[in-house]
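Data block below; observations after.
The values are calculated or read from the model by the stated rules, or taken from the named source; none is laboratory data. What you are looking at is a predicted structure, and each value in this text was computed from that prediction instead of being measured. Because the Cβ atoms are built from the backbone with ideal geometry, glycine has one as well, and the counts that use them run over all protein chains shown.
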Amino acid sequence: MNKNILDKAIQKYINENLNTDVSHIALSKSPFGDITPAELANQIGAKKKSEKKLPTWFNTPNIYYPSTLSIEQTSSEITANYKSKLAIGNSLIDITGGFGIDAYYFAKQINEVTHCEINTELAAITAHNANILGSQNIAFFAGDGLAFIKNSSVFYDTIYVDPARRAEKGKVFMLKDCTPDVVSNLDFLLTKCKRIIIKTAPLLDITAGLLALENVSEIHIVSIKNECKELLWIIDKDYVGELKITASTLNNEDKSFSFTKRESQVNTQFATEIKVNDYLYEPDVALLKSGAFDLIGQRYNLLKLHPQTQLYSSSDFNAYFPGRIYKIEEILSARDLKRAENLIGNVVVRNYPAKAEDLVKKYKIKPDKEAFLIFTKVANDENIVIKGRICQYY
């Protein structure tokens, strides 16, 4: 950590060059003798990446930034704030602290927070920033978080862990392919706390995760703007109750959909007819990840289009629904499309025997901000195209 970067003149230079090509800065001579071009480029690039994801950091003077990769991998402020409310008790340890976004928000809810980070430079950067941000109830340890717990006699109310995929692995779908190995150390960790919160990538299959983990009380599926960001696994010591799954969409208006396995075992009703001027409902990715396809229809009083089509219809508009809602303007067949000219609309494909990009080329469809063409299948197995206008994005 080069503290010369915090010099007023250098900070002024960074702020004045946020829109400058960082590759140009990296290849140019540094205007400051004690700062390399690469360091300047990294500070500018990392701060720029923080503008929307980490606005508190971006708008606070004298923040020191890590590598741009650390910024890309860290939680956003939105998701960090969400998970902070899942912690319990007065003490928490984050054994995979990283850039400290989660620890900062945990510290708003919990009296004593310990941040562990094995990368000593990143640990120093995070400690500096916490001081700048006024977080006085976070203790910092530069080292292996799992080893820290094993060598400590402290009992924590909550342990938080964000396992990273091992470098030699490709796409990770199993917890055992991550480090630290939460699965192998789960029994031990439960002797050191009341609750464990595990953050995993949304690619992890929920069924596979439940097979690997014990005492899971809750699973939270978190999305922002219809993009699944995190799976959060809540493990409570000696928990034997029924699993609760919550799909949360964090947008201008936060929405959530919670259920137990027992509640999800319902029979859905299917639409026998799709009508013009009705509304078409497309669930947010967080709802789709939950797998509660039939319960969605029942909860929101919607009719499902087809057993394998996760689209629903209703004559009523329900703004509490987490997902897109379209006003149906026209129902088309493939034959109708062949005769149509100047087709306009964003193409959505749901349970239809073609890819969106191929349909765009085949029918020469031009994009539009508000108009959509939804290619799908209905209850009688007929392939149709629903022309709709967006009423709600999230």
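Numerical summary
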{"item": "Helices (runs of 4 or more DSSP H) completely within segment 74-150 that count 2 or more residues being over 25 Å from F188 (Cα atoms)", "result": "77-84, 101-109, 120-132"}
{"item": "Filter result (surrounded by 15 or more Cβ atoms within 10 Å (Cβ to Cβ) and out of contact with any Lys or Arg (no Cβ under 7 Å at 6 or more places or on another chain)) within segment 272-290", "result": "I274, D278, L280, Y281, P283, D284, V285, A286, L287, L288, K289, S290"}
{"item": "Check on Y326, surrounded by 15 or more Cβ atoms within 10 Å (Cβ to Cβ), touching a residue at least 12 places away in the same chain (Cβ under 8 Å), assigned by TED's automatic domain parsing to the domain that holds I365 and not β-branched (V, I, T)", "result": "yes"}
{"item": "Only listed residue being in contact with a His (Cβ under 7 Å, 6 or more places away or on another chain), touching a residue at least 12 places away in the same chain (Cβ under 8 Å) and not polar (S, T, N, Q), chosen from V385, V349, V378", "result": "V378"}
{"item": "Failed item in (1) loosely packed, with under 13 Cβ neighbours inside 10 Å; (2) under 25 Å from D102 (Cβ atoms), with I63 passing the rest", "result": "(1)"}
{"item": "Every pair of residues 6+ apart whose Cβ atoms lie under 6 Å, when the first sits in segment 130-150 and is modelled with pLDDT of 95 or more while the second is surrounded by fewer than 16 Cβ atoms within 10 Å (Cβ to Cβ) and not basic (K, R)", "result": "I132/N62; A142/T120"}
{"item": "Residue list for segment 197-230, restricted to those being hydrophobic (A, V, I, L, M, F, W, C), part of a strand (DSSP E or B) and more than 19 Å from the chain's Cα centre (by Cα)", "result": "V216"}
{"item": "Yes/no for D144 being over 18 Å from K52 (Cα atoms) and touching a Gly at 6+ places or on another chain (Cβ under 9 Å)", "result": "no"}
{"item": "Residues of segment 241-284 satisfying the condition of being of a type in the set (D, E, K, R) and part of a helix (DSSP H, G or I)", "result": "K261, R262, E263"}
